[in-house]
Amino acid sequence: MSNLEDDFAFLDDWEEKYDYIINTLAAKVPPMDEQDKTEENIVEGCMSQVWLKMIKKDDGTYTFSADSDSIIVKGLIYILMDMFSGKTASDIKNTDVTAFFDKIGINAHLTLKRRNGLYAMVEKIKRNAV
């Protein structure tokens, strides 16, 4: 079980989980350089502005830089960064995000538009992992 799974399992209800996403996870997202907020890094399909930049390291693993104008989306960005940072392209492509999101309850508790935006971020990550 990942640390995030443990954290979500510990929280009693979705009000606490939303608070955790907004006030704890969003605050952990490092600031993105303004120069990286380009058309190339925009995530299409999100209802808020989202920028996502993947950085491939020499060892073939990825790190991410990302930002959003929505605080809840920043928390969701942190979840994705936690899931995919330090992984290779093969690991990223083989990650079953739906199972993880079901396990922590995100799929059942996000609005359809937010869930679509979350999966748009996932698709961009998987598409750009080469």
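Annotation: extensible slack from Leu112 through Lys28 equals 27.7 nm (criterion: 0.36 nm per residue apart, minus Cα-Cα distance). By the helix-only formula, in which each DSSP H run with n ≥ 4 contributes -39500 (n - 2.57) and the sum is divided by residues, the chain has a 222 nm mean residue ellipticity of -13500 deg cm²/dmol. Sequence-ordered 3J(HN,Hα) estimates for segment 65-79 from the Karplus curve with 6.51, -1.76 and 1.60 and θ = phi - 60° stand at 10, 7, 7, 8, 8, 10, 5, 5, 5, 4, x, 5, 4, 4, 4 Hz, glycine and proline given as x. Each Cα pair under 8 Å and six or more residues apart adds its separation to the average, and for the chain the resulting relative contact order is 27 percent. Radius of gyration (Cα atoms) of the chain, expressed as a multiple of 2.2 N^0.38 Å: 1.00. Between Lys126 and Leu11, what FRET efficiency comes out of the Förster formula 1/(1 + (r/R0)^6) with R0 = 30 Å and r the beta carbon distance, rounded to 0.05? Efficiency computed from Cβ-Cβ geometry: 0.60.
Among Ile55, Ile22, Ile125, which comes first, second and so on when ranked by fewest other beta-carbon atoms within 10 Å? Walk me through the intermediate numbers first.
Numbers: Ile55 11, Ile22 16, Ile125 24.
Placing the least packed residue first, the sequence is Ile55, Ile22, Ile125.
List the pairs from Lys53/Lys124; Lys28/Lys53; Lys17/Lys56 whose alpha-carbon separation is above 20 Å, in the order I gave them.
Lys17/Lys56
Every read-out reported here was derived from the displayed coordinates using simple, explicitly stated rules and does not represent laboratory data. What you see is a predicted model; the values in this text were computed from it and never measured. For neighbour counting, all protein chains shown are included, and Cβ atoms are generated from backbone atoms with ideal geometry for every residue, glycine included.
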